[in-house]
1. Quick one: VAL85 ticks every box in (1) out of contact with any helix residue (DSSP H, G or I) (no Cβ under 9 Å at 6 or more places or on another chain); (2) over 20 Å from ARG32 (Cα atoms) except a single one, so which number is it?
2. Given ALA88, ALA43, which one is modelled with pLDDT of 95 or more, in a helix (DSSP H, G or I), within 11 Å of the chain's Cα centre (by Cα) and surrounded by 14 or more Cβ atoms within 10 Å (Cβ to Cβ)?
3. Taking the criterion of being on the phi < 0 side of the Ramachandran plot and at pLDDT below 95, would at least one residue in region 47-61 satisfy it?
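The values are calculated or read from the model by the stated rules, or taken from the named source; none is laboratory data. It should be emphasised that the depicted structure is a prediction, and the values quoted were computed from it without experimental measurement. Methodologically, a virtual Cβ is constructed for each residue, glycine included, from the backbone with ideal geometry; neighbour enumeration extends over all protein chains shown.
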Amino acid sequence: MTTPYEAVPQFGRLRDDVLYADVWNQPELGKRDRSLVTCAILAALGKNAELEHHMKLGIENGLTVDELRGLVVQVAFYAGWPCGVNAAKSGMAIFEKDMGKR
């Protein structure tokens, strides 16, 4: 299946060359903090597919599973309960895997 980034090459180039190569490497915030902010924004906007991807990336960038759980609760109170529920659903694969470790 073709991705949007393949179908619109300029879009893919902007993601790779501007967003990930430049914005994500600015010195003001580390990648861990950028991941936390990005996940919170995506959760508040209800962008679940992107949130699922960024939660996984957040773990790679140093977020803990418990921090993602905390994000879900914070989002529920500041962006609305349904946004919190959707954020929890986006993180289910991560949360269930962690529950198996306990």
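1. The failed condition is (1).
2. Working: ALA88 fails: within 11 Å of the chain's Cα centre (by Cα).
Step by step, each of ALA88, ALA43 is checked, and only ALA43 is modelled with pLDDT of 95 or more, in a helix (DSSP H, G or I), within 11 Å of the chain's Cα centre (by Cα) and surrounded by 14 or more Cβ atoms within 10 Å (Cβ to Cβ).
3. Of the residues in region 47-61, the ones on the phi < 0 side of the Ramachandran plot are 47-61.
Subset that is at pLDDT below 95: 49.
Looking for residues that are on the phi < 0 side of the Ramachandran plot and at pLDDT below 95, one finds at least one in region 47-61, hence yes.
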